[in-house]
Amino acid sequence: MKHLLCLFALSLLATGFIGLLTMVLTSAAPTLEIRVLAVIGAVLGGYVLVQPLLNRVARRLV
């Protein structure tokens, strides 16, 4: 149970990181079209950056 809570906490941190990345990129975008592209890019980029870390931690916990 402790491992599951640790993994849940790490996934919440990863979600927060992706949200922060999204907020920073959208605040810098001048037009709506670029904001939409910034949101898509931030979500995909954050996922690509965080997913290997979560996979490594999950393998160690299980």
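Could you state the accessible area per residue of the chain in Å², with a 1.4 Å probe and every protein chain left in place? List each step's numbers first, then the result.
Numbers: 4840 Å² over 62 residues.
Averaged over the residues of the chain, the accessible area is 78 Å².
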Phi-based couplings in Hz for segment 21-34 (Karplus 6.51, -1.76, 1.60; Gly and Pro marked x)
4, 5, 5, 5, 5, 6, 6, 8, 7, x, 10, 5, 5, 6
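So, R0 is 35 Å and r is the distance between the beta-carbons of LEU37 and CYS6; what FRET efficiency does that work out to, to 0.05?
On the way: r = 35 Å, r/R0 = 0.99.
So the FRET efficiency works out to roughly 0.50.
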Fraction of accessible area attributable to carbon and sulfur, the chain (%, probe 1.4 Å):
77
Convex hull volume per residue in cubic angstrom - Cα atoms of the chain
57
Segment 51-62 - phi-based ³J(HN,Hα) in whole Hz, Karplus 6.51/-1.76/1.60, Gly and Pro as x
4, x, 5, 5, 5, 5, 5, 5, 5, 6, 6, 8
How much net charge surrounds ALA9 when only the other residues with a Cβ under 15 Å from the Cβ of ALA9 are counted, with Lys and Arg +1 and Asp and Glu -1?
+2
What are the ³J(HN,Hα) couplings of segment 35-40, residue after residue, when phi is run through the Karplus curve with 6.51, -1.76, 1.60 and θ = phi - 60°? Round to Hz, x for glycine and proline.
5, 4, 5, 5, 5, 4
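The values are calculated or read from the model by the stated rules, or taken from the named source; none is laboratory data. This one's a predicted model, so the numbers in the text were calculated from it and none came from an experiment. Note that each Cβ is placed from the backbone with ideal geometry, even for glycine, and that neighbours are counted across all protein chains shown. Ligands, DNA and RNA are excluded from the accessible area calculation, which covers all protein heavy atoms including side chains. Shrake-Rupley method; radii C 1.70, N 1.55, O 1.52, S 1.80 Å.
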